[in-house]
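Have a look at the structure below, then the notes.
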Amino acid sequence: FQEGADAARDVVESVINRLARERFTTNGGDAIMKLTKKQAAFVDEMIKSDRWRKMLIDLSASNKDSKLFMEIADRIDQSDYFGVFNSLLRSELSVVGKLAISGYDSYTKTSTTSQEENSNEASGQIEKLTADLRRTCTATSYTYLYAMLVLQELINGSKKSSDESLQKACKKWERLKEELEEEMMKPVKTGTTFQRKRRIDVALAMSDLVQRQRRRIDPTSDDGDNNHVPVPSNIASKNTLANSLDESIVVMLTKSSLGNQVDKTMAENILKFAYGGSTDRIGDLLIKHPFTIKTLLQNLFGTKRIRQLETRLKCARLIALAVTASERAARSQNASTTVSNEDSLSEVVLKGSQLCEQVENMISFTVIDSVDAAQGTSSAGRQLSAMCIKYPVIAQGALIWAKELASSPEFVTTAAYPTLSPCMLSLARIISLYHPLARPAALELSLIFVGHSNSDISHQKMESIKEQCLRLMLLLLTKGLCLEVISAVK
């Protein structure tokens with residue numbers, strides 16, 4: 001009986017926690033502050049309860065401006081606050097690992113039908129957990145620093161194991177660590193410049209880009225165990241060059257997080273490492289910090305793109321180095337993977353960004369679904385479609401351009417909107433067919449178009465665009481984004 005009662009209590013608690021996170025508003029919290037002491041006595045009872053105190057701490061992380069949670073934070077002992085957070089973090093990270101292992105085991109041991117069901121279920125649970133962890137772990141400097149240390153310890157421990165299932169969990173933890181860093185580095189519009197800069201400094205404080213030099217670790221060491229030290233005699237110049245590369249990437253991350261464009265000096269300082277070292281090191285560091293690649297793509301493909309050709313060439317080369325580094329890593333696991341030529345790939349990236357700029361100024365463009373259909377044509381739309389099919393990096397850049405353009409309030413009112421929008425959605429559909437990792441971005445684009453409205457455009461045309469968005473979502477449903485699409489439209 002007691003086990004059944006505990007299970008029922010856990011179910012009710014999880015439902016209430018979910019509803020509280022979804023429906024809590026700052027105005028609702030302020031209304032509680034206006035209640036009499038007797039009426040608000042339930043808050044004291046929740047603070048004293050181990051179960052409900054965890055929910056209050058979790059809500060306070062996502063509602064920092066609420067007067068109610070400011071008052072609750074003062075009344076909850078800080079050591080207890082961090083103790084609850086630590087226990088929550090440990091348990092949630094353990095669940096992420098278990099789900100990753102469970103998903104892998106079910107894939108290798110069960111039938112085809114149950115494989116897909118278990119994989120989708122595990123994927124959905126991991127996405128929900130990582131979303132909660134991103135919000136909680138980036139709430140304060142303490143939670144972020146603690147989370148990064150815990151993740152690094154988990155990663156180091158799992159890498160020493162030969163268990164294939166544990167390696168699967170390790171990949172989830174590594175990706176979560178990258179997402180936490182990106183969340184902290186993401187430009188925010190709220191707060192003062194000092195507050196934004198402080199958030200960035202906290203994110204960089206735990207980064208290997210800063211820690212290697214502070215701890216006097218070999219700057220070319222990437223294993224994370226922090227046991228290697230440089231030999232001062234014969235590799236001093238190499239270490240100085242490697243340290244300069246780390247510092248240059250830190251500068252780019254800092255300025256980009258504050259909303260500044262990548263300039264010629266930033267790109268040059270990173271590429272200087274190639275003069276005395278290997279370009280492989282540059283690419284390896286860029287893919288280890290994905291926010292740098294996203295920044296470079298936004299500066300090349302985004303609507304607020306860099307105008308100077310020389311700077312664009314340097315950014316295109318940095319992106320090419322990152323792509324070749326990822327291809328080298330893939331080839332270590334699959335010998336059939338080919339590594340692109342750095343120079344030719346740089347030209348491709350630059351050409352792709354120029355094509356996005358060109359079609360942006362057109363009324364419409366043609367989208368094709370095969371690379372062969374673009375041979376011998378000068379059509380910007382056909383060339384861009386073929387490049388998006390052939391090169392994943394161009395596909396990601398094109399989606400960044402499309403999302404930024406569609407998010408602009410002025411775009412809906414332009415004369416090109418009724419004709420350019422279907423072309424952008426068609427391009428997103430083609431990208432979704434060929435590049436699985438680009439599908440979440442395609443879903444975001446379709447949701448942006450669904451939210452558009454313009455009374456100057458005929459109702460029939462707006463309905464046609466929204467129907468095209470729905471068809472794109474249905475395609476994504478069949479391509480493995482079932483949970484994401486349903487959650488987005490629910």
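The values are calculated or read from the model by the stated rules, or taken from the named source; none is laboratory data. Note that this is a predicted model, so its numbers are computed, not measured. Backbone-built Cβ (ideal geometry, glycine too); neighbour counts: all protein chains shown. Keep in mind that these areas ignore ligands, DNA and RNA; they rest on the heavy atoms of the full protein, side chains included. Shrake-Rupley method; radii C 1.70, N 1.55, O 1.52, S 1.80 Å.
Taking into account only those residues within the range 326-340 that are touching a Ser or Thr at 6+ places or on another chain (Cβ under 8 Å) and not hydrophobic (A, V, I, L, M, F, W, C), which is farthest from Thr303 (Cα to Cα)? Ranking the candidates gives Arg331 first. Taking the numbered list (1) assigned to a helix (DSSP H, G or I); (2) in contact (Cβ under 8 Å) with a residue 40 or more places away in the chain; (3) surrounded by 14 or more Cβ atoms within 10 Å (Cβ to Cβ) in turn, Ile457 passes all entries but (1).
Of all the numbered requirements in (1) under 24 Å from Leu474 (Cβ atoms); (2) open to solvent by 10 Å² or more (accessible area, probe 1.4 Å), Glu404 misses one, and that requirement is (1). For the range 432-452, the count of residues that are in a loop (DSSP other than H, G, I, E, B), more than 22 Å from the chain's Cα centre (by Cα) and not basic (Lys, Arg) is at least one.
Taking helices (runs of 4 or more DSSP H) as the structural unit, those lying wholly within the range 35-86 and holding at least 3 residues that are modelled with pLDDT under 70 correspond to 50-62, 67-75.
Evaluation of Val150 against the conditions (1) without any contact (Cβ under 8 Å) to a residue 24 or more places away in the chain; (2) in a helix (DSSP H, G or I) shows that the sole unmet condition is (1).
Applying the criterion of being in a loop (DSSP other than H, G, I, E, B) and either under 27 Å from the mean Cα position of the chain (by Cα) or touching a residue at least 24 places away in the same chain (Cβ under 8 Å) (or both) to the residues of the range 342-365, the residue that is nearest to Cys388 (Cα to Cα) is Phe365. Going by the conditions given, is Leu300 of a type in the set (A, V, I, L, M, F, W, C), part of a helix (DSSP H, G or I), touching a residue at least 40 places away in the same chain (Cβ under 8 Å) and under 15 Å from Val393 (Cβ atoms)? Against the criterion (of a type in the set (A, V, I, L, M, F, W, C), part of a helix (DSSP H, G or I), touching a residue at least 40 places away in the same chain (Cβ under 8 Å) and under 15 Å from Val393 (Cβ atoms)), Leu300 qualifies.
Of all residues in the range 336-358, those being more than 16 Å from Gln396 (Cα to Cα) and crowded, with 19+ Cβ neighbours inside 10 Å number 0. Sort out which residues of the range 441-453 are in contact (Cβ under 8 Å) with a residue 40 or more places away in the chain and exposed (fewer than 14 other Cβ atoms within 10 Å of the Cβ), and write them in order of number. Listed by number, the list holds a single entry, Ser453. When the range 311-330 is limited to residues that are charged (D, E, K, R) and surrounded by fewer than 20 Cβ atoms within 10 Å (Cβ to Cβ), the one that is farthest from the chain's Cα centre (by Cα) turns out to be Arg328. The residue list Gly224, Gly191 contains one member that is in a loop (DSSP other than H, G, I, E, B), touching a helix residue (DSSP H, G or I) at 6+ places or on another chain (Cβ under 6 Å), open to solvent by less than 80 Å² (accessible area, probe 1.4 Å) and at pLDDT below 75, which is Gly224.
For the range 24-35, the count of residues that are more than 18 Å from Lys67 (Cβ to Cβ), surrounded by 10 or more Cβ atoms within 10 Å (Cβ to Cβ) and without any contact (Cβ under 8 Å) to a residue 40 or more places away in the chain is zero. Looking across the range 359-380, the residues that are of a type in the set (A, V, I, L, M, F, W, C), open to solvent by 50 Å² or more (accessible area, probe 1.4 Å) and at pLDDT 85 or above come down to Met362, Ile363. Show the residue pairs that are 6+ apart or on different chains and have beta-carbon atoms under 6 Å apart, the first residue being within the range 242-259 and of a type outside the set (Ser, Thr, Tyr), the second being not in a helix (DSSP H, G or I). Pairs that qualify, where the first residue is of a type outside the set (Ser, Thr, Tyr) and the partner is not in a helix (DSSP H, G or I), are Ala242/Pro219; Ala242/Thr220; Asn243/Pro219; Gly259/Pro187. If you filter the range 278-309 down to residues that are closer than 25 Å to Asn243 by Cα and over 20 Å from the mean Cα position of the chain (by Cα), you find that the one that is least open to solvent (accessible area, probe 1.4 Å) is Ile282. Of the residues screened, Lys255 is one that is modelled with pLDDT of 75 or more, within 21 Å of Leu318 (Cα to Cα) and open to solvent by 40 Å² or more (accessible area, probe 1.4 Å). Considering every residue within the range 194-202, establish whether at least one is within 22 Å of the chain's Cα centre (by Cα), farther than 26 Å from Asn63 by Cα and at pLDDT 80 or above. No. Every condition in (1) under 24 Å from the mean Cα position of the chain (by Cα); (2) over 30 Å from Val412 (Cβ atoms); (3) not aromatic (Phe, Trp, Tyr) is met by Val371 except one, and the failing one is (1). Out of curiosity, is Ile293 β-branched (Val, Ile, Thr), closer than 26 Å to Lys177 by Cα, at pLDDT below 90 and assigned to a helix (DSSP H, G or I)? No: the conditions fail for Ile293. Exactly one residue out of Gln396, Gln333, Gln383 is assigned to a helix (DSSP H, G or I), open to solvent by 60 Å² or more (accessible area, probe 1.4 Å) and among the polar types (S, T, N, Q), and it is Gln396. Among the residues of the range 467-487, those that are assigned to a helix (DSSP H, G or I) and open to solvent by 50 Å² or more (accessible area, probe 1.4 Å) comprise Glu467, Leu470, Arg471, Leu474, Leu477, Thr478, Cys482, Leu483, Glu484, Ile486, Ser487. Looking across the range 258-281, the residues that are aliphatic (A, V, I, L, M), at pLDDT 85 or above and part of a helix (DSSP H, G or I) come down to Met266, Ala267, Ile270, Leu271.
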